[in-house]
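Comments concern the structure below.
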Amino acid sequence: HTDKMEAIGALKNSIEQLLEYLNDKTEYQLPMFIFIDELDRCRPDYAIRLLEGIKHLFDAKNVCFVVSTNMTQLSESVKAVYGSGFDAYRYLKRFFAFEYSLPEPDYDAFALMLVNDSILASTNLRVFSGLPEESPTRSKIEIMAANFAMIAKAFNMDLRSQQQSFRNAEAAISAIDDSEPFYCFYMFFWSALYHYNKVYFEKIINSPEIALNLEQGQCHFLDRDIPYLYTVRDRNNGFGQRREQKIIKVSEVFKKYIEMANKTIQQITRMQIEHEYPHTIKHDIQTRFFNRYHSINENNYPFLSQYPNLIKMAGQIK
């Protein structure tokens, strides 16, 4: 035991001498920071040994450890070693002089960052969402970010899941020709569903009526209400506008898209115009596709029916 304590003391002394030398002879300034990321993802026994080592071996002058971890998860890991009744959180607190909580970026800010850093920021696609009365001044980037953020909220995605889902959608979108309209809500929803539950994803592809007849409570992410801020015209003043917040169920929007994707061109053009949810789909068909497809009854609306397959093929090498 004495030899061990002397060795620890000699190690600390050597570290301090080295740091003083670096501070005096080089451009480096003290203290020295050592970062340890995602400690909660390590095996419980390894995480404990690492913390003990930091505490006893590297508790030297001018050395600062910054540990990034989820304290709740790390506490559970400690309990796995010492027992369920062990006060793991109090045990962990003795290793840290200060504790700081970093808030996660909000969904809207993170979605905007993802879009800006992607190929979608420079896309020539005509972007639509189908959400109620979007402001005509909103850019394509803002529309795509707002739609992805809404999907992420509905699925309650963490940051890593958002990033993975978005990258999959980005790869799928790269297969859409610039001459085609791009319905971002529909694509982002399929991508999130593929990431969240591939079994349910396949069921809806094979039987779209599952989504159309979905009952409340069957899939919790489809029942979640998402606030959506949009612009409406003042009915008493045709030139006036006001901002309102509308509560939208993503399931209702998705159902509308499913319904559109499985109708023929003529069936959609005969539908009554809706001023809520994906009314822009019908408007786009009337102005772009009706003259081209009015005599083809058997064709479903182009492109929408292909979105699930594009998501499945994204990232695959065959």
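The values are calculated or read from the model by the stated rules, or taken from the named source; none is laboratory data. Everything numeric in this text was worked out from a predicted model, so none of it was measured. Because the Cβ atoms are built from the backbone with ideal geometry, glycine has one as well, and the counts that use them run over all protein chains shown. The protein model used for the area step is the full one, side chains on, heavy atoms only, and it has no ligands, DNA or RNA in it. Shrake-Rupley method; radii C 1.70, N 1.55, O 1.52, S 1.80 Å.
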When we measure straight from the Cα of residue 93, which lysines land under 16 angstrom away, once same-chain ones fewer than 8 places off are left out?
55, 79
Whole-Å distance linking the alpha carbon centroid of region 245-269 with that of region 105-179 is 19
Using label points projected 7 Å from each Cα along Cα→Cβ, tell me how many nm separate residue 49 and residue 264, to one decimal.
7.0
Partner lysines whose C-alpha sits under 30 Å from that of residue 255, ignoring same-chain residues fewer than 8 away, are 140, 153, 198, 203, 246, 263, 282, 312
Over region 1-80, what percent of the accessible surface lies on carbon and sulfur atoms, probe 1.4 Å?
53
What does the charge add up to near residue 21, with Lys and Arg as +1, Asp and Glu as -1, over the other residues with Cβ less than 14 Å from its Cβ?
-2
If I model a spin label as a point 7 Å beyond the Cα along the Cα-Cβ vector, how far apart are those points for residue 206 and residue 160 in nm?
3.0
Count charges around residue 258 for me, please; just the other residues with Cβ under 13 Å from its Cβ, Lys/Arg as +1, Asp/Glu as -1.
+1
Pair residue 246, residue 76: separation of 7 Å Cα→Cβ label points (nm)
3.9
Summing Lys, Arg as +1 and Asp, Glu as -1, what charge do residues with Cβ under 9 Å from the Cβ of residue 69 carry, residue 69 excluded?
-2
Cβ-Cβ FRET estimate between residue 86 and residue 8, R0 fixed at 30 Å, reported to 0.05
0.70
Extension reserve of the residue 59-residue 30 stretch, reckoned as 0.36 nm per residue once the Cα distance is removed:
9.0 nm
If you take the beta carbon distance between residue 100 and residue 180 as r and set R0 to 45 Å, what does 1/(1 + (r/R0)^6) give as a FRET efficiency, to the nearest 0.05?
0.40
